[in-house]
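A.B. asks: Just passing along the structure, written as structure tokens.
The values are calculated or read from the model by the stated rules, or taken from the named source; none is laboratory data. Predicted model only: the values in this text are computed from it and were never measured. Here the Cβ is made from the backbone with ideal geometry for all residues, glycine too, and neighbour counts use every protein chain on show. We work out accessible area using only protein heavy atoms, side chains counted, and drop any ligands, DNA or RNA first. Shrake-Rupley method; radii C 1.70, N 1.55, O 1.52, S 1.80 Å.
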Protein chains: 2
Amino acid sequence: MKEITIYDIAERLKISAATVSRGLKDDPLVNHKTKKLIVDAAEEMGYRSNSMASNLRNKKSNIIGVIVPRLNSNFMSDVIAGIEKVVNDANYNLFISQSLETMKKETSNAKAMFNNRVEGLLVSLAYDTADIEHFEPFIKRKVPVVFFDRVFEHPACPQIYIDNYKAAREVTNHLIDQGCKRIVHITANLLRSVYSERFNGYKKALEEHQLEFDDNLLIVNDLSSQAGIAAAEQILKMPVLPDGVFVANDLCAISCIQTLKKHGVKIPQDIAFAGFNNDPTTCVVEPNLTTINYKGYEMGEAAAKLMVAHLNNYDVKQMHSVVLRSELIVRESSLRKKN
Amino acid sequence: MKEITIYDIAERLKISAATVSRGLKDDPLVNHKTKKLIVDAAEEMGYRSNSMASNLRNKKSNIIGVIVPRLNSNFMSDVIAGIEKVVNDANYNLFISQSLETMKKETSNAKAMFNNRVEGLLVSLAYDTADIEHFEPFIKRKVPVVFFDRVFEHPACPQIYIDNYKAAREVTNHLIDQGCKRIVHITANLLRSVYSERFNGYKKALEEHQLEFDDNLLIVNDLSSQAGIAAAEQILKMPVLPDGVFVANDLCAISCIQTLKKHGVKIPQDIAFAGFNNDPTTCVVEPNLTTINYKGYEMGEAAAKLMVAHLNNYDVKQMHSVVLRSELIVRESSLRKKN
DNA sequence: GATGTTTTTACAATCGATTGTAAAATTCAT
DNA sequence: ATGAATTTTACAATCGATTGTAAAAACATC
């Protein structure tokens, strides 16, 4: 099964390969009639362009790399779906890899991407990534690196995220509104800006209502389902039970709720709950979970669009960060007052 | 920022590019000492191999393509995660695209994959794919096509799936065991073997217990959350309420349960429920949903491993299909007898 | 028909790594 | 030291598409 090349077409038509190459891509240097002959012959002979040869010649790989902590989370698969759509429509190809939440794998993935000469890199950082040295090779070579969700501040790297500070403040305000005075905050590594921002929003809301921040009410874990159970146990052991809990993601919030329920705690009467992400599960758990909604799909789209714009040299160099909309969705888990 | 090539290294060391090329890949034709010189120089000069050049020369793309119905489902993101791991470890790269459940997009994705010269294709078919004409170009060129989950029988294409027939039969048997006599089956396009097999398993179990299959108890939809609500309404309108429901996925089962609950139906006392997939949500819904567990991650791994084996010409040509383990997980939603 | 314009096509080098083969360098035996 | 055997290295062609430039063909003008 021999591959057809432009040389084969050239030979068949008794013209030069250069003309074939130009003819196939609508170059004005080629006569209409010849063009048609070329395209027809290509079709008939089953020609397909060899992207490796063309990439080599053009010094372009046509590949956009993606590194995310995990592929199998609700949020992330939405993001990937959004990225895929935009990138495919722009005729780029996607290389996807996961860091499994470790900086080590993130680094090795980045190196692989680098060696594969991706033309751009979309990144959401791992849980323990402390610096972004490993992206320097890209930045040095002016390969655009765009961060999304779990971002990192760097002058050369655009960011896509939501206003975590504002959202967290809104959530906390809502809980306070509902009469909560002792609000536990469960979150993850405060090195990640998403979590530190949420934490700051939480503190700000407390402050605005003259509630003092209590160190004992802060629980830092990895926000896994497992961690939610442990957090619940920690809460049950508190000398005074809190009356509200704001968890930085839904997964952990839900397992925490379920554990507390098993111990007879009434949600929201005893403890009001709020999560973050609006996972589908939030509408299944009883009571339904109050949360922050922000669409992963749109974040993926936005990040990919920004990347494509950069690669096409559209005028976006001045766009350093894009803040996406997010909204508080109030459900039963936090409703203690009847309106 | 000029890229370093083997020619640059050759010049620096005053040897030929051929030797550099060989030295970098441990060819026995190159002296130990020279090898070290080459590797050191490459390291120092910041050399990175140009995969496009090497792919062109080797006529290999190093790319494995993946086409799935949707990226953003629990099951599928697990699968992708499994595939990613295996493929990355084997030093291949992944091109991922989604058909969005339409044969049309599946076809165009396949064409794109073909033009990008993927070396292998992993496919889970779209909802309405009726034939696999669009994969013929791959098969003709001996590019391995491996189907997983939503498979299609073709002598040249290995398949990875679970025994849907057996699993469905087991689920149905369990419901019958719990005293159900009128069991509704909610499923999707019976063209897809996953669904027809489940349907057959369901019928088989009925037959084994001398229960007659009733056409009115079969509901075919797209198994979406929306469809679950509609199905619940349809059930409520039935002249005689069923006493059991077996849904071909969890998503639809859960929305159906929730709708029925809203109408005062008691689960499992009035109607026992079972789903399929073991989504995380099954442990959140009340009552927890009985379901079939099979790990997407492992399916992804298995499919990718089989692909890599084929590409490496390991002795797997005779492995036409791989059936993965699945298990019934009994939870409250179907437990009417106390053990 | 000679000259000038414009359109169309061909030549040849290039992108960087790979590999069969020939040539050179080294080692060894005598 | 000489020739044979072996190790090490270099030459050159190849993979297929691209593109600047030169050459050829077609056409128009006087």
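A.B. asks: For the stretch B:203-265, which trypsin sites (Lys or Arg not before Pro) are in a loop by DSSP, counting at most 12 other Cβ atoms within 10 Å?
C.D. replies: Numbers: sites: B:K203, B:K204, B:K237, B:K261, B:K262; in loops: B:K237.
For trypsin sites (Lys or Arg not before Pro) across the stretch B:203-265 that sit outside H, G, I, E and B with at most 12 neighbouring Cβ atoms in 10 Å, the list reads B:K237.
A.B. asks: Determine the calculated [θ] at 222 nm for chain B from helices alone, applying -39500 (n - 2.57) to every DSSP H run no shorter than 4 residues and normalising by the residue count; nearest 500 deg cm²/dmol.
C.D. replies: Per the formula, -13000 deg cm²/dmol.
A.B. asks: Put +1 on the Cβ of every Lys and Arg and -1 on every Asp and Glu Cβ in the stretch B:92-160; which of B:V145, B:C157, B:N116 then has its Cα farthest towards the positive end of the dipole?
C.D. replies: Going by the charge dipole, the pick is B:N116.
A.B. asks: Something else: If you take the accessible area of B alone, add that of A alone, and subtract the area of the pair, what total do you get in Å², probe 1.4 Å, to the nearest 100? All intermediate terms of the calculation are to be shown ahead of the outcome.
C.D. replies: Values: alone 17570 and 17600 Å², together 31070 Å².
Buried: approximately 4100 Å² between A and B.
A.B. asks: Can I ask one more? Positive end of the dipole of chain B, charges at C-beta (+1 Lys, Arg; -1 Asp, Glu), about the Cα centre: which of B:A232, B:N55, B:A304 has its Cα farthest in that direction?
C.D. replies: Going by the Cα projections, it comes out as B:N55.
A.B. asks: How would B:T281, B:T172 line up by accessible area, probe 1.4 Å, largest first? Spell out each step's value before the answer.
C.D. replies: Details: B:T281 25, B:T172 0 Å².
From most exposed to least exposed: B:T281, B:T172.
A.B. asks: Say a site is exposed when it is one of the GluC sites (Glu not before Pro), sits in a DSSP loop, and has at most 15 other Cβ atoms within 10 Å; what is then the longest site-free stretch of chain B?
C.D. replies: My reading of the result: B:4-152 is the longest stretch.
A.B. asks: Also: Out of the stretch A:252-339, which chymotrypsin sites (Phe, Trp or Tyr not before Pro) are coil in DSSP terms and have no more than 12 other C-beta atoms within 10 Å? Present the calculation step by step, with values, prior to reporting the outcome.
C.D. replies: Numbers: sites: A:F273, A:F276, A:Y294, A:Y297, A:Y314; in loops: A:F276, A:Y294, A:Y314.
Passing both the DSSP loop test and the Cβ count: A:Y314.
A.B. asks: Here's another thing I want to ask about it. Let me check the size of the protein assembly as shown from its C-alpha atoms; what are the radius of gyration and Dmax in Å?
C.D. replies: That works out to 28.3, 90 Å for Rg and Dmax.
A.B. asks: Treating the beta-carbon of each Lys and Arg as +1 and of each Asp and Glu as -1, no other charges, what is the dipole magnitude of chain A about its Cα centre, to the nearest 20 debye?
C.D. replies: Charge dipole, chain A, about its Cα centre: 860 debye, nearest 20.
A.B. asks: Of the beta bridges DSSP finds with both residues in the protein assembly as shown, what % are antiparallel, to the nearest 5?
C.D. replies: 10 percent
A.B. asks: With the cut-off at 22 Å, tell me which of the pairs A:K166/A:K295; B:K35/B:K85; A:K59/B:K59; B:K14/B:K36; A:K60/B:K14; A:K305/B:K295 have Cα atoms farther apart than that.
C.D. replies: Check vs 22 Å cut-off fails for B:K35/B:K85; A:K60/B:K14; A:K305/B:K295.
A.B. asks: Please give the charge dipole size of the protein assembly as shown, origin at the Cα centre, charges +1 on K and R Cβ atoms and -1 on D and E Cβ atoms. Round to the nearest 20 debye.
C.D. replies: Here the protein assembly as shown has a charge dipole of around 1540 debye.
A.B. asks: Over all alpha-carbon pairs of chain A, lay out the pair-distance distribution in 20 Å bins, whole %, shortest bin first.
C.D. replies: Per 20 Å bin, starting at zero, the Cα-Cα P(r) for chain A comes out as 28, 43, 20, 9, 0 percent.
A.B. asks: Determine the order of B:H185, B:H209 by accessible area, beginning with the largest, at a probe radius of 1.4 Å.
C.D. replies: B:H209, B:H185
A.B. asks: When the dipole is taken about the Cα centre of the stretch A:147-211, and only Lys, Arg (+1) and Asp, Glu (-1) are charged at their Cβ, what size is it in debye, to the nearest 20?
C.D. replies: Computed charge dipole of the stretch A:147-211: roughly 220 debye.
A.B. asks: Heavy-atom accessible area per residue, the stretch B:6-49, 1.4 Å probe: how many Å²?
C.D. replies: Heavy-atom SASA per residue in the stretch B:6-49 reads 68 Å².
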